[in-house]
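Notes follow the structure.
The values are calculated or read from the model by the stated rules, or taken from the named source; none is laboratory data. On a predicted model such as this, the values are computed, not experimentally measured, just so you know. Cβ atoms come from the backbone with ideal geometry, glycine included; neighbour counts cover every protein chain shown.
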Amino acid sequence: MSIHLVTDPEESSSIQKDACAANGFPRVGAVSYLNSKPLIEGLEKVLAAGNLHLNYPSRLADDLSAGRLDVALIPSVEYFNRDDYKIISDACVATHGPVLSVKLYTRVPWGEIRTLALDEGSRTSVALSRVLLAERYGVEPELFPLPMSQSTTDTDCDAILLIGDRAIHSPAEKFAAIWDLGEEWVNWTGFPFVFAMWVASTSLNSDQIEPLLCKARDNGVMNIEKIAKREAKQLELTPEAACSYLKKNLHFKMGSAERRGLELFQQLASNLNPPE
């Protein structure tokens with residue numbers, strides 16, 4: 001499957017059907033992490049009441065697949081194996097270097113990792129971890145879940161993947177080495193990495209929602225200082241740290257370089273053995 005960004009309302013209107021709710025707006029799912037707040041700034045004001053749902057990335061993907069959502073900001077890897085999905089906006093969560101909120105911690109040398117504890121939040125970060133370990137060290141560790149309620153000290157796995165807001169805060173224990181997965185990907189491939197993007201079923205008429213998503217993103221990027229100040233306290237960050245993270249570590253528009261990186265990630269992820 002090639003990466004196809006749908007931006008022309010006329011491109012597929014002849015084969016689309018209107019899957020929106022009766023009020024004229026689709027049910028939209030977005031990530032609850034700080035890194036996605038600029039993509040949904042003001043969005044709840046233009047959607048019908050109750051039509052914006054916040055959840056973890058992997059759960060949003062499940063809800064979109066099950067038809068409980070019409071549009072969702074889902075992990076990029078969830079898009080790869082679905083011919084009935086389309087990208088409906090150039091708004092995304094990407095990085096051009098260190099991302100801070102997706103980290104792989106190891107207690108042993110990278111080439112000796114045999115067990116990997118996985119944060120349940122995003123399957124894209126799981127796939128990225130597996131790609132980097134397999135391609136660079138020939139390692140295919142056994143995978144174990146790490147529930148959101150547990151910390152690194154609750155698992156004896158060789159390596160641990162943490163994502164989202166809890167990855168920004170360093171764990172209490174010491175590790176042999178740490179990868180910022182955004183930084184590792186960019187240094188290794190030369191391409192940006194796209195963690196999540198707005199996706200819908202190909203049957204959805206996205207004429208209404210696509211410009212709203214772009215407008216929300218543009219509004220969020222213009223108001224990053226405001227967002228950082230609003231969200232920082234509950235994440236135990238200073239407003240300055242939250243603002244720096246949103247401005248310096250994240251990128252919110254999918255251009256040609258991002259699409260090239262997405263295509264390469266799809267190719268490499270397809271080589272992975274299915275998890276047991």
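Could you tell me which of the residues Val139, Val99 is touching a Gly at 6+ places or on another chain (Cβ under 8 Å), among the hydrophobic types (A, V, I, L, M, F, W, C), in contact (Cβ under 8 Å) with a residue 60 or more places away in the chain and not in a strand (DSSP E or B)?
Numbers: Val139 fails: in contact (Cβ under 8 Å) with a residue 60 or more places away in the chain.
After applying the criteria, what remains is Val99.
Checking Ala167 against (1) under 30 Å from Leu143 (Cα atoms); (2) assigned to a loop (DSSP other than H, G, I, E, B), only one condition comes out false. Which one?
(2)
Out of everything in the stretch 76-103 that is of a type in the set (Gly, Ala, Ser) and over 14 Å from the mean Cα position of the chain (by Cα), what residue ends up being farthest from Ile209 (Cα to Cα)?
Restricting attention to the stretch 76-103, the residues satisfying the condition of being of a type in the set (Gly, Ala, Ser) are 76, 89, 91, 94, 97, 101.
Then drop every residue that is not over 14 Å from the mean Cα position of the chain (by Cα), which leaves 89, 97.
Details: Ser89: 9, Gly97: 30 Å.
Among residues in the stretch 76-103 that are of a type in the set (Gly, Ala, Ser) and over 14 Å from the mean Cα position of the chain (by Cα), the one farthest from Ile209 (Cα to Cα) is Gly97.
Filter the stretch 65-81 for residues that are touching a Ser or Thr at 6+ places or on another chain (Cβ under 8 Å) and of a type outside the set (Asp, Glu) and give the result. It would help to see each step written out before you state the result.
Quick first cut of the stretch 65-81, residues touching a Ser or Thr at 6+ places or on another chain (Cβ under 8 Å) only: 70-71, 73, 75-78, 80.
Passing the criteria: Val71, Leu73, Pro75, Ser76, Val77, Phe80.
Residues checked against (1) surrounded by 13 or more Cβ atoms within 10 Å (Cβ to Cβ); (2) touching a Pro at 6+ places or on another chain (Cβ under 6 Å); (3) closer than 20 Å to His251 by Cα; (4) of a type in the set (D, E, K, R):
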| position | (1), (2), (3), (4) |
| --- | --- |
| Leu128 | yes, no, yes, no |
| Ala134 | yes, no, no, no |
| Asp154 | no, no, no, yes |
| Leu161 | yes, no, no, no |
| Glu173 | no, no, no, yes |
| Leu181 | yes, no, yes, no |
| Pro192 | yes, no, yes, no |
| Met197 | yes, no, yes, no |
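Can you pull out the residues in the stretch 174-196 that are modelled with pLDDT under 95 and over 22 Å from Pro109 (Cβ atoms)?
Correct list: Phe195, Ala196.
Matching residues to (1) farther than 30 Å from Asp83 by Cα; (2) hydroxyl-bearing (Ser, Thr, Tyr); (3) in contact with a helix residue (DSSP H, G or I) (Cβ under 9 Å, 6 or more places away or on another chain); (4) not in a loop (DSSP other than H, G, I, E, B):
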{"position": "Ser149", "(1), (2), (3), (4)": "yes, yes, no, no"}
{"position": "Ala172", "(1), (2), (3), (4)": "yes, no, yes, no"}
{"position": "Val221", "(1), (2), (3), (4)": "yes, no, yes, yes"}
{"position": "Leu237", "(1), (2), (3), (4)": "yes, no, yes, no"}
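So which of Asp165, Asp158 is modelled with pLDDT under 95 and not polar (S, T, N, Q)? Can you show your working first?
Details: Asp158 fails: modelled with pLDDT under 95.
One residue alone meets the criteria, Asp165.
So how many residues does the stretch 151-164 have that are within 17 Å of Arg59 (Cβ to Cβ) and in a loop (DSSP other than H, G, I, E, B)?
Qualifying residue count for the region: 1.
Here's a check for you: in the stretch 57-85, which residue that is out of contact with any strand residue (DSSP E or B) (no Cβ under 7 Å at 6 or more places or on another chain) and assigned to a loop (DSSP other than H, G, I, E, B) is surrounded by the most Cβ atoms within 10 Å (Cβ to Cβ)?
Per the criteria, the residue is Arg82.
Could you tell me whether any residue of the stretch 25-35 is in contact with a Pro (Cβ under 9 Å, 6 or more places away or on another chain), modelled with pLDDT of 90 or more and in the same structural domain as Leu204 (by TED's automatic domain parsing)?
No - not one qualifying residue is present in the stretch 25-35.
In the stretch 106-126, which residues are assigned to a strand (DSSP E or B) and either polar (S, T, N, Q) or in contact with a Pro (Cβ under 7 Å, 6 or more places away or on another chain) (or both)?
Quick first cut of the stretch 106-126, residues assigned to a strand (DSSP E or B) only: 106, 115-119.
Within the stretch 106-126, Thr106, Thr115, Leu116, Leu118 qualify.
So Pro109 fits all but one of (1) touching a strand residue (DSSP E or B) at 6+ places or on another chain (Cβ under 7 Å); (2) more than 21 Å from Glu258 (Cα to Cα); (3) not β-branched (Val, Ile, Thr); what number is the exception?
(1)
Quick one: in the stretch 104-126, which of the residues that are modelled with pLDDT of 95 or more and of a type in the set (Lys, Arg) is surrounded by the most Cβ atoms within 10 Å (Cβ to Cβ)?
Per the stated criteria, the residue is Arg107.
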